[in-house]
Amino acid sequence: MANALKEAWKAGRRTVNGWLAIPSAFSAEVMSGMGFDSLTVDLQHGVQDYMSAVECFQGMQRHGPVPLARLPWNEPGIAGKLLDAGAQGLICPMVNTREQAEAFVSSCRYPPAGTRSNGPVRAGIYGEVGRYFYDANDDTLCLPMIETREAVANLDAILDVPGVDGIYIGPTDLAISHGYLPPVMEREDKEMLDLYEMLIRACHDRGKFIGLHAITGAYVKRMHGMGFNYATMGSDINAMVSGARAQMEAFKG
């Protein structure tokens, strides 16, 4: 099945990603009905593991957002398992060098483009039976995270790795590496916004896609206006906490 995110970005449409930190198919099902173009199961900082990721993919399937996952680290075993489970793209944290980007891509691509082992235990249910192997290399999104000064310094080399579709900005770690504290998600520092603009230009010049993590719809809309192809609008936890907090404040007020 063609990756709807790739098709949207190639057509010039900006997309909104949701974030699943709660290990629950029910939570994923609820979030998938909110209009997100994609949902990312977070195995790095979310309370997720492989089995809960599978359940989240199952929960979101009926409503159709593109299923993504963030890896806990740049490791081929979990990358292959998540793709086999049905993820149509992976976000990999802390990719700082060309070699690390190459290793990430290799984990996500079948030979001869990579070293992924064949066995799409759940992913094979998508699209025409038996076609998954032939289409997966083109359809699977590989999105390394740019989160450090080292990654920024090596940006050109990372973007030039065959199979890297784009990048995903981790605002807090990127800000920490540039000396900006506390680690606020939605940055307003001129240096950081200028850095975002540079990253956007570098990606667009190469026909690569770029996204970042955010919390509010207003900031996502602003980042779309800057040129980001996609952005994450909070998470299931953010939505639950902000909603409960607003109602509690209304009650107390």
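The values are calculated or read from the model by the stated rules, or taken from the named source; none is laboratory data. Since the structure is predicted, the reported quantities are computational estimates derived from the model, not experimental observations. For neighbour counting, all protein chains shown are included, and Cβ atoms are generated from backbone atoms with ideal geometry for every residue, glycine included. Each accessible area value is taken on the protein alone, full model and side chains, heavy atoms only, with ligands, DNA and RNA left out. Shrake-Rupley method; radii C 1.70, N 1.55, O 1.52, S 1.80 Å.
Results, tabulated for the structure shown:
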{"read-out": "Amide H contacts under 5 Å for PHE209, placed H, 5+ residues apart", "value": "GLY166, ILE167"}
{"read-out": "Most mobile of GLY12, GLY124, GLY166 in a GNM of the chain (Cα contacts under 10 Å)", "value": "GLY12"}
{"read-out": "Modelled label reach - ALA153, point 7 Å along Cα→Cβ, region 86-118 residues with backbone N closer than 11 Å", "value": "none"}
{"read-out": "Area accessible to solvent at ASP84, 1.4 Å probe radius, in Å²", "value": "20"}
{"read-out": "Cα-projected label distance for SER117 with ARG206, points at 7 Å along beta-carbon direction, nm", "value": "3.0"}
{"read-out": "Kirkwood hydrodynamic radius of the chain, from inverse mean 1/r over distinct Cα pairs, in Å", "value": "18.3"}
{"read-out": "Most mobile of ALA28, ALA85, ALA157 in a GNM of the chain (Cα contacts under 10 Å)", "value": "ALA157"}
{"read-out": "Choice from ALA113, ALA79, ALA123 showing the highest fluctuation, given a GNM over the chain with Cα pairs closer than 10 Å", "value": "ALA113"}
{"read-out": "Modelled FRET efficiency - R0 30 Å, ALA4 with GLU191, Cβ distances, 0.05 increments", "value": "0.30"}
{"read-out": "Exposure rank, largest accessible area first [ILE125, ILE200; 1.4 Å]", "value": "ILE125, ILE200"}
{"read-out": "Fraction of accessible area attributable to carbon and sulfur, region 137-223 (%, probe 1.4 Å)", "value": "54"}
{"read-out": "For THR15, distant residues with modelled amide H under 5 Å away", "value": "TYR230, ALA231"}
{"read-out": "SER242, SER52, SER106, ranked by accessible area, largest first (probe 1.4 Å)", "value": "SER242, SER106, SER52"}
{"read-out": "Cα-based Kirkwood hydrodynamic radius, region 64-191, one decimal, Å", "value": "15.3"}
